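Here is the structure we will look at.
The values are calculated or read from the model by the stated rules, or taken from the named source; none is laboratory data. Computed from a prediction, not measured in an experiment: that's the story for all the values here. Please note: Cβ atoms are built from the backbone with ideal geometry, for glycine as well, and neighbour counts cover all protein chains shown. What goes into the accessible areas is simple: the full protein's heavy atoms, side chains included, and nothing from ligands, DNA or RNA. Shrake-Rupley method; radii C 1.70, N 1.55, O 1.52, S 1.80 Å.
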Amino acid sequence: MALLVLALPADVDGVPAGLLIGYGVFLLAVAADGARRGLRATLRIGASFRRLALPLAVVLLAVPAGGSLAYGAARDEAREQALLDRLAAADAEVKSTEGLPFDKAQPLLTKALDVYEDLGTKHAGSRAGKLVPARLDAYYETVSGPYEKKTYCEAITPLKHLRGLADSFDKGLLGSRPAKADEPLAHSLYECGTAALAVATAKPTAAESLNELLGTFPKSSHATRVEPAVREAVKKRTSVLDTVPEPCETTAELRTLRTTLRDMTDASLDGVTREAVEGLRRGDFACGTDQFKDKEYEDAAKTMTEYATAYPDSPQAAHARSIAIAAEIADEEPAAGKSLPPAEAPGGSRMILVVSNDGPGAVDLLYTGPTTGKVTLKTCATCTKYPGPIFSQGKKVKACQGPASKYPKATLLLPAGDYHFLQKRAGTGSSYSDTKTSKVKIEPGYSYTNCLYVTSGY
(Lines give C-alpha, C1' and ligand atoms only; values in the text may rest on other atoms or scores of the structure.)
Protein backbone atom coordinates (compact mmCIF):
# COMPACT_ATOMS: atom_id res chain seq x y z
CA MET A 1 0.00 0.00 0.00
CA ALA A 2 2.84 2.40 0.77
CA LEU A 3 4.31 1.76 -2.66
CA LEU A 4 1.00 2.59 -4.31
CA VAL A 5 0.77 5.85 -2.40
CA LEU A 6 4.25 6.82 -3.57
CA ALA A 7 3.89 5.62 -7.17
CA LEU A 8 0.43 6.87 -8.09
CA PRO A 9 -0.59 8.72 -10.06
CA ALA A 10 1.95 7.75 -12.71
CA ASP A 11 4.06 10.60 -14.03
CA VAL A 12 6.59 11.11 -16.81
CA ASP A 13 9.61 10.10 -14.75
CA GLY A 14 7.97 7.03 -13.15
CA VAL A 15 8.90 5.69 -9.67
CA PRO A 16 12.43 6.46 -8.44
CA ALA A 17 14.83 3.57 -9.08
CA GLY A 18 15.90 3.38 -5.42
CA LEU A 19 12.34 2.86 -4.29
CA LEU A 20 11.84 -0.02 -6.74
CA ILE A 21 15.08 -1.69 -5.65
CA GLY A 22 14.12 -1.33 -2.03
CA TYR A 23 10.68 -2.72 -2.72
CA GLY A 24 12.23 -5.69 -4.57
CA VAL A 25 14.53 -6.43 -1.64
CA PHE A 26 11.52 -6.24 0.67
CA LEU A 27 9.56 -8.76 -1.45
CA LEU A 28 12.50 -11.17 -1.49
CA ALA A 29 12.79 -10.95 2.26
CA VAL A 30 9.09 -11.62 2.68
CA ALA A 31 9.27 -14.57 0.29
CA ALA A 32 12.25 -16.02 2.15
CA ASP A 33 10.52 -15.65 5.47
CA GLY A 34 7.40 -17.33 4.10
CA ALA A 35 9.43 -20.23 2.79
CA ARG A 36 11.16 -20.66 6.14
CA ARG A 37 7.89 -20.70 8.01
CA GLY A 38 6.28 -23.08 5.52
CA LEU A 39 9.02 -25.61 5.80
CA ARG A 40 8.77 -25.74 9.62
CA ALA A 41 5.00 -25.73 9.86
CA THR A 42 2.85 -28.87 9.98
CA LEU A 43 -0.44 -28.26 8.18
CA ARG A 44 -3.43 -30.46 8.40
CA ILE A 45 -5.46 -29.56 5.36
CA GLY A 46 -7.47 -31.52 2.96
CA ALA A 47 -6.61 -32.33 -0.62
CA SER A 48 -8.99 -29.67 -1.92
CA PHE A 49 -7.06 -26.92 -0.17
CA ARG A 50 -3.81 -28.26 -1.52
CA ARG A 51 -5.20 -28.04 -5.04
CA LEU A 52 -5.83 -24.28 -4.52
CA ALA A 53 -2.23 -23.52 -3.67
CA LEU A 54 -0.93 -23.39 -7.23
CA PRO A 55 -3.73 -21.14 -8.63
CA LEU A 56 -3.35 -18.82 -5.67
CA ALA A 57 0.36 -18.60 -6.27
CA VAL A 58 -0.21 -17.76 -9.90
CA VAL A 59 -2.70 -15.05 -8.92
CA LEU A 60 -0.31 -13.62 -6.39
CA LEU A 61 2.41 -13.47 -9.05
CA ALA A 62 0.09 -12.07 -11.75
CA VAL A 63 -1.17 -9.18 -9.68
CA PRO A 64 2.23 -7.45 -9.32
CA ALA A 65 3.14 -8.26 -12.91
CA GLY A 66 -0.13 -6.87 -14.24
CA GLY A 67 0.19 -3.86 -12.03
CA SER A 68 3.66 -3.25 -13.40
CA LEU A 69 2.35 -3.38 -16.95
CA ALA A 70 -0.52 -1.05 -16.14
CA TYR A 71 1.81 1.36 -14.40
CA GLY A 72 4.15 1.36 -17.40
CA ALA A 73 1.26 2.19 -19.72
CA ALA A 74 0.16 5.02 -17.44
CA ARG A 75 3.68 6.37 -17.32
CA ASP A 76 3.93 6.30 -21.12
CA GLU A 77 0.63 8.18 -21.40
CA ALA A 78 1.91 10.79 -18.96
CA ARG A 79 4.96 11.26 -21.16
CA GLU A 80 2.79 11.62 -24.27
CA GLN A 81 0.59 14.14 -22.52
CA ALA A 82 3.59 16.18 -21.40
CA LEU A 83 4.86 16.33 -24.99
CA LEU A 84 1.40 17.31 -26.23
CA ASP A 85 1.33 20.06 -23.62
CA ARG A 86 4.65 21.40 -24.94
CA LEU A 87 3.25 21.29 -28.47
CA ALA A 88 0.13 23.18 -27.40
CA ALA A 89 2.25 25.83 -25.66
CA ALA A 90 4.32 26.31 -28.84
CA ASP A 91 1.11 26.58 -30.88
CA ALA A 92 -0.11 29.29 -28.53
CA GLU A 93 3.16 31.19 -28.98
CA VAL A 94 2.70 31.18 -32.76
CA LYS A 95 -0.95 32.18 -32.48
CA SER A 96 -0.10 35.11 -30.22
CA THR A 97 2.10 36.68 -32.91
CA GLU A 98 -0.77 37.31 -35.33
CA GLY A 99 -1.00 41.03 -36.01
CA LEU A 100 2.32 41.85 -34.34
CA PRO A 101 5.17 43.58 -36.20
CA PHE A 102 7.70 40.94 -37.13
CA ASP A 103 10.45 42.34 -34.90
CA LYS A 104 8.10 41.93 -31.92
CA ALA A 105 6.91 38.50 -33.03
CA GLN A 106 10.28 36.95 -33.85
CA PRO A 107 11.36 36.02 -30.28
CA LEU A 108 8.08 34.17 -29.74
CA LEU A 109 8.36 32.44 -33.11
CA THR A 110 11.94 31.36 -32.40
CA LYS A 111 10.85 29.85 -29.09
CA ALA A 112 8.06 27.89 -30.80
CA LEU A 113 10.41 26.66 -33.52
CA ASP A 114 12.81 25.29 -30.92
CA VAL A 115 9.97 23.23 -29.46
CA TYR A 116 8.82 21.99 -32.87
CA GLU A 117 12.35 20.94 -33.79
CA ASP A 118 12.88 19.11 -30.49
CA LEU A 119 9.58 17.27 -30.76
CA GLY A 120 10.04 16.44 -34.42
CA THR A 121 13.57 15.05 -34.02
CA LYS A 122 14.06 13.73 -30.47
CA HIS A 123 10.45 12.60 -30.01
CA ALA A 124 9.50 11.88 -33.59
CA GLY A 125 7.56 8.70 -32.69
CA SER A 126 5.37 10.41 -30.10
CA ARG A 127 1.88 11.65 -30.84
CA ALA A 128 3.18 15.20 -30.50
CA GLY A 129 6.14 14.52 -32.78
CA LYS A 130 3.87 13.16 -35.49
CA LEU A 131 1.88 16.42 -35.40
CA VAL A 132 4.93 18.63 -36.03
CA PRO A 133 4.71 18.59 -39.88
CA ALA A 134 1.16 19.93 -39.71
CA ARG A 135 2.28 22.54 -37.19
CA LEU A 136 5.07 23.67 -39.54
CA ASP A 137 2.51 24.14 -42.29
CA ALA A 138 0.45 26.27 -39.93
CA TYR A 139 3.60 28.18 -38.93
CA TYR A 140 4.33 29.08 -42.55
CA GLU A 141 0.74 30.15 -43.05
CA THR A 142 0.75 32.38 -39.97
CA VAL A 143 4.09 34.03 -40.67
CA SER A 144 3.19 34.71 -44.31
CA GLY A 145 -0.05 36.39 -43.22
CA PRO A 146 1.00 39.91 -44.37
CA TYR A 147 1.52 38.57 -47.89
CA GLU A 148 -1.96 37.06 -47.94
CA LYS A 149 -3.29 40.45 -46.84
CA LYS A 150 -1.34 42.08 -49.71
CA THR A 151 0.67 44.31 -47.37
CA TYR A 152 3.72 43.59 -49.48
CA CYS A 153 6.34 45.77 -47.79
CA GLU A 154 5.38 44.36 -44.42
CA ALA A 155 5.59 40.83 -45.82
CA ILE A 156 9.22 41.01 -46.98
CA THR A 157 10.99 40.38 -43.66
CA PRO A 158 8.71 37.49 -42.54
CA LEU A 159 9.05 35.81 -45.94
CA LYS A 160 12.83 36.16 -45.82
CA HIS A 161 12.68 34.52 -42.39
CA LEU A 162 10.69 31.58 -43.78
CA ARG A 163 13.00 31.22 -46.74
CA GLY A 164 16.06 31.25 -44.49
CA LEU A 165 14.88 28.55 -42.07
CA ALA A 166 16.73 25.97 -44.15
CA ASP A 167 19.97 27.37 -42.70
CA SER A 168 18.96 26.93 -39.05
CA PHE A 169 16.20 24.30 -38.80
CA ASP A 170 16.28 20.54 -39.34
CA LYS A 171 16.13 20.08 -43.11
CA GLY A 172 14.41 16.71 -42.84
CA LEU A 173 11.51 18.26 -40.99
CA LEU A 174 11.30 21.31 -43.25
CA GLY A 175 11.29 19.40 -46.51
CA SER A 176 10.45 21.69 -49.43
CA ARG A 177 8.72 24.35 -47.33
CA PRO A 178 11.48 27.05 -47.54
CA ALA A 179 11.29 27.07 -51.35
CA LYS A 180 7.58 27.83 -51.14
CA ALA A 181 8.49 31.32 -49.87
CA ASP A 182 10.40 32.21 -53.06
CA GLU A 183 7.47 33.25 -55.21
CA PRO A 184 5.70 35.30 -52.48
CA LEU A 185 8.98 37.01 -51.58
CA ALA A 186 9.80 37.91 -55.20
CA HIS A 187 6.25 39.22 -55.67
CA SER A 188 6.42 41.26 -52.46
CA LEU A 189 9.76 42.82 -53.42
CA TYR A 190 8.34 43.83 -56.79
CA GLU A 191 5.12 45.32 -55.40
CA CYS A 192 6.87 47.12 -52.54
CA GLY A 193 9.60 48.46 -54.82
CA THR A 194 7.36 49.72 -57.61
CA ALA A 195 4.97 51.34 -55.13
CA ALA A 196 7.91 53.36 -53.74
CA LEU A 197 9.31 54.51 -57.09
CA ALA A 198 8.35 58.18 -56.72
CA VAL A 199 8.05 58.33 -52.92
CA ALA A 200 11.06 60.06 -51.38
CA THR A 201 10.22 58.96 -47.82
CA ALA A 202 9.52 55.28 -48.60
CA LYS A 203 11.01 52.67 -46.27
CA PRO A 204 12.40 50.51 -47.70
CA THR A 205 13.36 52.58 -50.72
CA ALA A 206 12.41 51.45 -54.20
CA ALA A 207 16.07 50.78 -55.02
CA GLU A 208 16.52 48.55 -51.96
CA SER A 209 13.54 46.35 -52.81
CA LEU A 210 14.12 46.16 -56.56
CA ASN A 211 17.87 45.56 -56.23
CA GLU A 212 17.14 42.65 -53.91
CA LEU A 213 14.59 41.27 -56.35
CA LEU A 214 16.95 41.50 -59.31
CA GLY A 215 19.85 40.08 -57.31
CA THR A 216 18.04 37.23 -55.54
CA PHE A 217 15.50 36.21 -58.16
CA PRO A 218 16.97 37.40 -61.49
CA LYS A 219 15.07 34.79 -63.52
CA SER A 220 11.70 35.25 -61.86
CA SER A 221 8.73 36.62 -63.76
CA HIS A 222 8.67 39.58 -61.39
CA ALA A 223 12.27 40.54 -62.22
CA THR A 224 11.36 40.92 -65.88
CA ARG A 225 8.61 43.39 -64.93
CA VAL A 226 10.96 45.86 -63.24
CA GLU A 227 12.25 47.75 -66.29
CA PRO A 228 8.79 48.24 -67.87
CA ALA A 229 7.37 49.40 -64.54
CA VAL A 230 10.14 51.95 -63.99
CA ARG A 231 9.86 53.18 -67.58
CA GLU A 232 6.11 53.64 -67.19
CA ALA A 233 6.62 55.57 -63.93
CA VAL A 234 9.02 57.95 -65.68
CA LYS A 235 6.80 58.36 -68.74
CA LYS A 236 3.74 59.01 -66.60
CA ARG A 237 5.41 62.12 -65.21
CA THR A 238 7.42 63.41 -68.16
CA SER A 239 4.38 63.31 -70.45
CA VAL A 240 2.46 65.83 -68.31
CA LEU A 241 5.19 68.31 -67.41
CA ASP A 242 3.88 70.95 -69.80
CA THR A 243 0.23 70.59 -68.73
CA VAL A 244 0.16 69.55 -65.08
CA PRO A 245 -1.02 72.34 -62.70
CA GLU A 246 1.86 71.78 -60.26
CA PRO A 247 4.99 70.87 -62.24
CA CYS A 248 7.19 71.27 -59.16
CA GLU A 249 5.45 68.31 -57.49
CA THR A 250 5.85 66.19 -60.62
CA THR A 251 9.49 67.24 -60.84
CA ALA A 252 10.09 66.23 -57.23
CA GLU A 253 8.73 62.78 -58.09
CA LEU A 254 11.05 62.62 -61.10
CA ARG A 255 13.96 63.54 -58.87
CA THR A 256 13.09 60.65 -56.57
CA LEU A 257 12.93 58.34 -59.59
CA ARG A 258 16.31 59.60 -60.74
CA THR A 259 17.76 58.91 -57.28
CA THR A 260 16.30 55.40 -57.36
CA LEU A 261 17.85 54.69 -60.74
CA ARG A 262 21.19 56.11 -59.63
CA ASP A 263 21.19 53.58 -56.79
CA MET A 264 20.42 50.64 -59.09
CA THR A 265 23.07 48.83 -61.07
CA ASP A 266 21.14 46.54 -63.40
CA ALA A 267 22.18 47.22 -66.98
CA SER A 268 18.62 46.83 -68.25
CA LEU A 269 17.79 50.18 -66.67
CA ASP A 270 20.38 52.27 -68.54
CA GLY A 271 17.90 53.45 -71.16
CA VAL A 272 15.20 54.50 -68.73
CA THR A 273 17.85 56.22 -66.62
CA ARG A 274 18.63 58.54 -69.54
CA GLU A 275 14.91 59.23 -69.95
CA ALA A 276 14.63 60.13 -66.27
CA VAL A 277 17.61 62.50 -66.47
CA GLU A 278 16.12 64.28 -69.48
CA GLY A 279 12.70 64.40 -67.81
CA LEU A 280 14.21 65.90 -64.67
CA ARG A 281 15.94 68.61 -66.72
CA ARG A 282 12.64 69.54 -68.35
CA GLY A 283 10.90 69.37 -64.99
CA ASP A 284 13.32 71.72 -63.27
CA PHE A 285 12.77 74.34 -65.95
CA ALA A 286 8.98 73.90 -65.86
CA CYS A 287 9.05 74.20 -62.06
CA GLY A 288 11.07 77.45 -62.08
CA THR A 289 8.81 78.93 -64.75
CA ASP A 290 5.71 78.03 -62.75
CA GLN A 291 7.17 79.56 -59.58
CA PHE A 292 7.82 82.81 -61.44
CA LYS A 293 4.27 82.90 -62.80
CA ASP A 294 2.92 82.23 -59.30
CA LYS A 295 4.98 85.20 -58.02
CA GLU A 296 7.13 82.94 -55.87
CA TYR A 297 10.14 84.97 -56.94
CA GLU A 298 12.66 83.86 -54.33
CA ASP A 299 11.98 80.20 -55.11
CA ALA A 300 12.04 80.87 -58.86
CA ALA A 301 15.43 82.60 -58.61
CA LYS A 302 16.86 79.68 -56.65
CA THR A 303 15.42 77.02 -58.98
CA MET A 304 16.61 78.71 -62.17
CA THR A 305 20.06 79.49 -60.81
CA GLU A 306 20.46 75.82 -59.87
CA TYR A 307 19.18 74.82 -63.30
CA ALA A 308 21.77 76.92 -65.12
CA THR A 309 24.49 75.45 -62.90
CA ALA A 310 23.32 71.85 -63.25
CA TYR A 311 22.70 71.99 -67.02
CA PRO A 312 25.24 74.45 -68.47
CA ASP A 313 24.97 72.86 -71.92
CA SER A 314 21.18 73.00 -72.04
CA PRO A 315 19.66 75.20 -74.77
CA GLN A 316 17.54 76.73 -72.01
CA ALA A 317 20.43 77.55 -69.66
CA ALA A 318 20.64 81.19 -70.81
CA HIS A 319 16.89 81.65 -70.50
CA ALA A 320 16.99 80.13 -67.03
CA ARG A 321 19.62 82.69 -65.99
CA SER A 322 17.38 85.47 -67.35
CA ILE A 323 14.39 84.20 -65.38
CA ALA A 324 16.53 83.98 -62.23
CA ILE A 325 17.64 87.62 -62.70
CA ALA A 326 14.11 88.84 -63.39
CA ALA A 327 12.82 86.93 -60.35
CA GLU A 328 15.46 88.53 -58.13
CA ILE A 329 14.43 91.99 -59.33
CA ALA A 330 10.73 91.17 -58.97
CA ASP A 331 11.31 90.04 -55.40
CA GLU A 332 12.22 93.69 -54.67
CA GLU A 333 9.97 95.31 -57.28
CA PRO A 334 6.91 93.12 -58.12
CA ALA A 335 6.17 95.08 -61.30
CA ALA A 336 9.28 93.48 -62.82
CA GLY A 337 7.54 90.09 -62.65
CA LYS A 338 4.58 91.06 -64.81
CA SER A 339 5.75 88.61 -67.46
CA LEU A 340 8.53 86.13 -68.06
CA PRO A 341 11.61 87.57 -69.73
CA PRO A 342 11.77 86.45 -73.37
CA ALA A 343 13.82 83.42 -74.29
CA GLU A 344 15.62 85.47 -76.95
CA ALA A 345 16.38 89.19 -77.11
CA PRO A 346 14.52 91.07 -79.84
CA GLY A 347 16.30 92.09 -83.03
CA GLY A 348 16.79 95.66 -84.20
CA SER A 349 18.93 98.52 -83.04
CA ARG A 350 20.53 98.85 -79.63
CA MET A 351 20.95 101.95 -77.48
CA ILE A 352 23.99 102.62 -75.33
CA LEU A 353 23.64 102.87 -71.58
CA VAL A 354 26.87 103.64 -69.72
CA VAL A 355 26.72 102.92 -65.98
CA SER A 356 29.37 104.33 -63.61
CA ASN A 357 30.05 103.49 -59.96
CA ASP A 358 30.67 106.57 -57.82
CA GLY A 359 30.72 104.90 -54.46
CA PRO A 360 32.56 102.48 -52.17
CA GLY A 361 31.82 98.80 -52.72
CA ALA A 362 31.32 96.77 -55.87
CA VAL A 363 27.84 96.86 -57.39
CA ASP A 364 25.81 94.10 -59.05
CA LEU A 365 23.43 95.74 -61.51
CA LEU A 366 20.54 93.55 -62.64
CA TYR A 367 18.08 94.58 -65.32
CA THR A 368 15.08 93.11 -67.09
CA GLY A 369 12.81 94.30 -69.89
CA PRO A 370 13.01 93.47 -73.59
CA THR A 371 16.29 91.82 -72.63
CA THR A 372 17.63 90.71 -69.26
CA GLY A 373 21.10 90.62 -67.83
CA LYS A 374 23.52 91.43 -65.07
CA VAL A 375 26.81 93.34 -64.85
CA THR A 376 29.18 93.92 -61.97
CA LEU A 377 30.98 97.23 -61.43
CA LYS A 378 34.13 97.22 -59.35
CA THR A 379 34.40 99.40 -56.28
CA CYS A 380 35.55 102.99 -56.67
CA ALA A 381 38.62 103.08 -54.47
CA THR A 382 38.63 106.86 -54.00
CA CYS A 383 34.86 107.38 -53.76
CA THR A 384 32.98 108.03 -50.55
CA LYS A 385 29.40 108.45 -49.50
CA TYR A 386 27.75 111.74 -50.28
CA PRO A 387 26.26 113.66 -47.39
CA GLY A 388 22.59 113.63 -47.81
CA PRO A 389 19.73 112.94 -48.24
CA ILE A 390 19.68 113.05 -52.04
CA PHE A 391 18.64 116.70 -51.92
CA SER A 392 20.83 118.59 -49.48
CA GLN A 393 19.98 122.25 -48.74
CA GLY A 394 17.80 122.36 -51.84
CA LYS A 395 20.56 121.13 -54.13
CA LYS A 396 20.60 117.72 -55.79
CA VAL A 397 23.67 115.58 -55.30
CA LYS A 398 25.93 115.84 -58.33
CA ALA A 399 27.62 112.47 -58.65
CA CYS A 400 30.21 111.27 -61.19
CA GLN A 401 31.51 114.80 -61.73
CA GLY A 402 35.21 113.93 -61.61
CA PRO A 403 37.43 112.59 -64.41
CA ALA A 404 35.67 109.82 -66.31
CA SER A 405 38.57 107.46 -65.74
CA LYS A 406 37.96 107.65 -61.99
CA TYR A 407 34.80 105.62 -62.03
CA PRO A 408 34.45 101.92 -62.84
CA LYS A 409 32.09 101.60 -65.80
CA ALA A 410 29.97 99.11 -67.71
CA THR A 411 28.38 99.64 -71.10
CA LEU A 412 25.04 98.05 -71.91
CA LEU A 413 23.55 97.74 -75.38
CA LEU A 414 19.80 97.66 -74.90
CA PRO A 415 16.83 97.38 -77.25
CA ALA A 416 14.23 100.10 -76.80
CA GLY A 417 11.64 99.50 -74.10
CA ASP A 418 10.88 99.78 -70.39
CA TYR A 419 13.41 98.32 -67.97
CA HIS A 420 13.51 97.54 -64.26
CA PHE A 421 16.91 97.84 -62.58
CA LEU A 422 18.14 96.49 -59.27
CA GLN A 423 21.48 97.59 -57.86
CA LYS A 424 23.01 95.60 -55.03
CA ARG A 425 26.06 97.21 -53.46
CA ALA A 426 28.49 94.94 -51.67
CA GLY A 427 28.93 95.30 -47.95
CA THR A 428 31.01 93.16 -45.61
CA GLY A 429 31.57 89.53 -46.45
CA SER A 430 28.90 88.20 -48.83
CA SER A 431 26.15 90.58 -47.67
CA TYR A 432 24.84 93.69 -49.41
CA SER A 433 24.89 97.06 -47.68
CA ASP A 434 22.55 98.80 -50.10
CA THR A 435 19.78 97.63 -52.46
CA LYS A 436 17.83 99.92 -54.74
CA THR A 437 15.39 99.52 -57.61
CA SER A 438 14.64 101.91 -60.44
CA LYS A 439 12.78 102.04 -63.73
CA VAL A 440 14.26 103.33 -66.98
CA LYS A 441 12.68 103.90 -70.39
CA ILE A 442 15.06 103.36 -73.29
CA GLU A 443 13.96 105.15 -76.47
CA PRO A 444 15.34 104.66 -79.98
CA GLY A 445 18.11 107.01 -81.16
CA TYR A 446 19.41 108.03 -77.73
CA SER A 447 22.42 107.25 -75.60
CA TYR A 448 22.10 107.06 -71.82
CA THR A 449 24.28 107.33 -68.76
CA ASN A 450 23.56 106.25 -65.22
CA CYS A 451 25.62 107.07 -62.13
CA LEU A 452 25.41 104.87 -59.09
CA TYR A 453 26.36 106.49 -55.79
CA VAL A 454 25.76 106.25 -52.05
CA THR A 455 24.44 108.85 -49.65
CA SER A 456 24.63 108.89 -45.88
CA GLY A 457 21.20 110.52 -45.67
CA TYR A 458 17.97 109.07 -44.45
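Any chance the stretch 116-136 includes a residue that's under 30 Å from the mean Cα position of the chain (by Cα) and open to solvent by 50 Å² or more (accessible area, probe 1.4 Å)?
No - not one qualifying residue is present in the stretch 116-136.
Filter the stretch 179-228 for residues that are of a type in the set (D, E, K, R) and more than 28 Å from Ala252 (Cα to Cα) and give the result. Explain how you work it out, then say what you get.
Filtering the stretch 179-228 down to residues of a type in the set (D, E, K, R) leaves 180, 182-183, 191, 203, 208, 212, 219, 225, 227.
Of everything in the stretch 179-228, those that are of a type in the set (D, E, K, R) and more than 28 Å from Ala252 (Cα to Cα) turn out to be Lys180, Asp182, Glu183, Lys219.
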Say we look at the stretch 354-406 and pick out the residues that are over 58 Å from the mean Cα position of the chain (by Cα) and among the aromatic types (Phe, Trp, Tyr); which of these is modelled with the highest pLDDT? Tyr386
Candidate set: the stretch 407-437, residues that are touching a helix residue (DSSP H, G or I) at 6+ places or on another chain (Cβ under 8 Å) and either part of a loop (DSSP other than H, G, I, E, B) or modelled with pLDDT under 95 (or both); chosen: the one nearest to Ala345 (Cα to Cα): Thr437
Filter the stretch 309-336 down to the residues that are under 20 Å from Val375 (Cβ atoms), open to solvent by 20 Å² or more (accessible area, probe 1.4 Å) and touching a strand residue (DSSP E or B) at 6+ places or on another chain (Cβ under 7 Å) and list them by number. Ile325, Glu328, Glu332, Glu333
Residue that is farther than 15 Å from Ala138 by Cα, more than 30 Å from the chain's Cα centre (by Cα) and open to solvent by less than 60 Å² (accessible area, probe 1.4 Å), where the choices are Ala105, Ala88, Ala78: Ala78
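Only one residue in Ala233, Ala223, Ala276 is closer than 30 Å to Pro341 by Cβ and touching a helix residue (DSSP H, G or I) at 6+ places or on another chain (Cβ under 7 Å). Which one?
Numbers: Ala233 fails: closer than 30 Å to Pro341 by Cβ; Ala223 fails: closer than 30 Å to Pro341 by Cβ.
The match here is Ala276.
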How many residues are charged (D, E, K, R), assigned to a loop (DSSP other than H, G, I, E, B) and without any contact (Cβ under 8 Å) to a residue 60 or more places away in the chain if we restrict to the stretch 370-389? 1
Determine which single condition Gly283 fails, assuming it passes every other condition in (1) open to solvent by 20 Å² or more (accessible area, probe 1.4 Å); (2) modelled with pLDDT of 95 or more; (3) of a type outside the set (Val, Ile, Thr). (1)
Does the stretch 292-300 include one or more residues that are without any contact (Cβ under 8 Å) to a residue 24 or more places away in the chain and under 22 Å from the mean Cα position of the chain (by Cα)? no
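Mind counting the residues in the stretch 157-176 that are of a type in the set (S, T, N, Q) and open to solvent by less than 30 Å² (accessible area, probe 1.4 Å)? Before the answer, list the steps.
Pass one, the stretch 157-176, residues of a type in the set (S, T, N, Q): 157, 168, 176.
Narrowing further to those that are open to solvent by less than 30 Å² (accessible area, probe 1.4 Å): none.
Selection size over the stretch 157-176: 0.
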Go over the candidates Glu306, Glu275 one by one and state the one that is more than 30 Å from Lys219 (Cβ to Cβ), open to solvent by 70 Å² or more (accessible area, probe 1.4 Å) and out of contact with any Pro (no Cβ under 9 Å at 6 or more places or on another chain). Glu306
Glu183 versus (1) closer than 30 Å to Asp118 by Cα; (2) open to solvent by 30 Å² or more (accessible area, probe 1.4 Å); (3) free of Cβ contacts under 8 Å to residues at least 24 places away in the same chain: which is the lone unmet condition? (3)
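How many of the residues in the stretch 259-272 are in a helix (DSSP H, G or I), within 20 Å of the chain's Cα centre (by Cα), of a type outside the set (Ser, Thr, Tyr) and surrounded by fewer than 17 Cβ atoms within 10 Å (Cβ to Cβ)? Before the answer, list the steps.
Residues of the stretch 259-272 that are in a helix (DSSP H, G or I), as a first pass: 259-262, 267-272.
Adding the requirement that they be within 20 Å of the chain's Cα centre (by Cα) leaves 259-262.
Subset that is of a type outside the set (Ser, Thr, Tyr): 261-262.
Still in the running and surrounded by fewer than 17 Cβ atoms within 10 Å (Cβ to Cβ): 262.
Number satisfying all stated conditions: 1.
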Flag if Leu100 is buried (at least 16 other Cβ atoms within 10 Å of the Cβ) and modelled with pLDDT of 90 or more: no
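Report the residue count in the stretch 237-248 for those that are surrounded by 14 or more Cβ atoms within 10 Å (Cβ to Cβ) and of a type in the set (D, E, K, R). Write out each step before concluding.
Step one: list which residues in the stretch 237-248 are surrounded by 14 or more Cβ atoms within 10 Å (Cβ to Cβ), which gives 237-238, 241, 244, 247-248.
From what is left, the residues that are of a type in the set (D, E, K, R) are 237.
So the answer is 1.
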If you take the residues in the stretch 372-388 that are of a type in the set (Val, Ile, Thr) and within 30 Å of Pro346 (Cβ to Cβ), which one is surrounded by the most Cβ atoms within 10 Å (Cβ to Cβ)? Thr372
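Take the stretch 322-346 and flag every residue that is out of contact with any helix residue (DSSP H, G or I) (no Cβ under 7 Å at 6 or more places or on another chain), touching a residue at least 40 places away in the same chain (Cβ under 8 Å) and either among the small types (Gly, Ala, Ser) or in a helix (DSSP H, G or I) (or both).
If the condition is that a residue be out of contact with any helix residue (DSSP H, G or I) (no Cβ under 7 Å at 6 or more places or on another chain), touching a residue at least 40 places away in the same chain (Cβ under 8 Å) and either among the small types (Gly, Ala, Ser) or in a helix (DSSP H, G or I) (or both), then Ser322, Ile325, Glu332, Ala335, Ala345 are the ones that fit.
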